[in-house]
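Read the structure below first, then the notes.
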Amino acid sequence: MKVLFHVDEADKWKMTLANVNNFLSEVIAAEITVLANGEAVKYYSQNNDISADLLERVDFVACQNSLNGFEIDQQELDERIRIVAAGVVEIAKKQEAGYSYIRP
């Protein structure tokens, strides 16, 4: 099962991570991507509570356009966070590839 979690509001991170953990506890082999754009990309550059286990199991993605908009240098991010040019394009690509879309 392939799932894309989309977070674009900073206050939705706690719920998003809880949803991801709940999903993985039920579907262990799930392919999960968490895409952050808008103000939610700020979370990646802060001391966040994304566990090392989740960083290994989940494809965390940041929108470069949003990083630029908030003047966040990609060097501030964990090296396991993948950066894409445009988050909205990544969402469309994932949906074309058969990912279910969830926006907590």
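The values are calculated or read from the model by the stated rules, or taken from the named source; none is laboratory data. Being a predicted model, the structure only gives us computed values, none of them experimental. Heads up, the Cβs are rebuilt from the backbone with ideal geometry, glycines too, and the neighbour counts pull from every protein chain shown.
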| Total residues in the stretch 55-79, condition touching a Leu at 6+ places or on another chain (Cβ under 7 Å) and either at pLDDT below 95 or at positive phi (or both) | 2
| query | Counting only residues that are of a type in the set (A, V, I, L, M) and outside any loop (DSSP other than H, G, I, E, B), how many does the stretch 75-84 have? | reply | 2
| request: Return the residue satisfying two criteria in turn: it lies in the stretch 1-28 and is assigned to a loop (DSSP other than H, G, I, E, B) and modelled with pLDDT of 95 or more, and of such residues it is surrounded by the most Cβ atoms within 10 Å (Cβ to Cβ). | output: ASP8
| field | the stretch 30-53, residues that are aliphatic (A, V, I, L, M) and at pLDDT 95 or above | value | ALA30, ILE32, VAL34, LEU35, ALA36, ALA40, VAL41
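Within the bounds of the stretch 22-31, is there any residue that is under 17 Å from ARG82 (Cα atoms), touching a strand residue (DSSP E or B) at 6+ places or on another chain (Cβ under 7 Å) and not charged (D, E, K, R)?
Looking through the stretch 22-31, none of the residues is under 17 Å from ARG82 (Cα atoms), touching a strand residue (DSSP E or B) at 6+ places or on another chain (Cβ under 7 Å) and not charged (D, E, K, R).
For the stretch 53-65, state whether one or more residues are of a type in the set (Asp, Glu) and in contact with a helix residue (DSSP H, G or I) (Cβ under 6 Å, 6 or more places away or on another chain).
Scanning the stretch 53-65, I find no residue that is of a type in the set (Asp, Glu) and in contact with a helix residue (DSSP H, G or I) (Cβ under 6 Å, 6 or more places away or on another chain), so the answer is no.
Give the residue, chosen from ILE91, ILE72, that is in a loop (DSSP other than H, G, I, E, B), surrounded by 17 or more Cβ atoms within 10 Å (Cβ to Cβ) and of a type in the set (A, V, I, L, M).
Checking each option against the conditions leaves just ILE72.
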| Mind checking whether some residue in the stretch 41-50 is in a loop (DSSP other than H, G, I, E, B) and among the acidic types (Asp, Glu)? | yes
| query | Does SER45 satisfy the condition of being within 16 Å of LYS14 (Cα to Cα), surrounded by 14 or more Cβ atoms within 10 Å (Cβ to Cβ) and touching a helix residue (DSSP H, G or I) at 6+ places or on another chain (Cβ under 8 Å)? | reply | yes
| query | Which of the residues spanning the stretch 59-104 are farther than 11 Å from LEU4 by Cβ and of a type in the set (A, V, I, L, M)? | reply | ALA62, LEU67, ILE72, LEU77, ILE81, ILE83, VAL84, ALA85, ALA86, VAL88, VAL89
| query | What about ASP53, is it over 17 Å from LEU4 (Cβ atoms), outside any helix (DSSP H, G or I) and either touching a residue at least 40 places away in the same chain (Cβ under 8 Å) or of a type in the set (Asp, Glu) (or both)? | reply | no
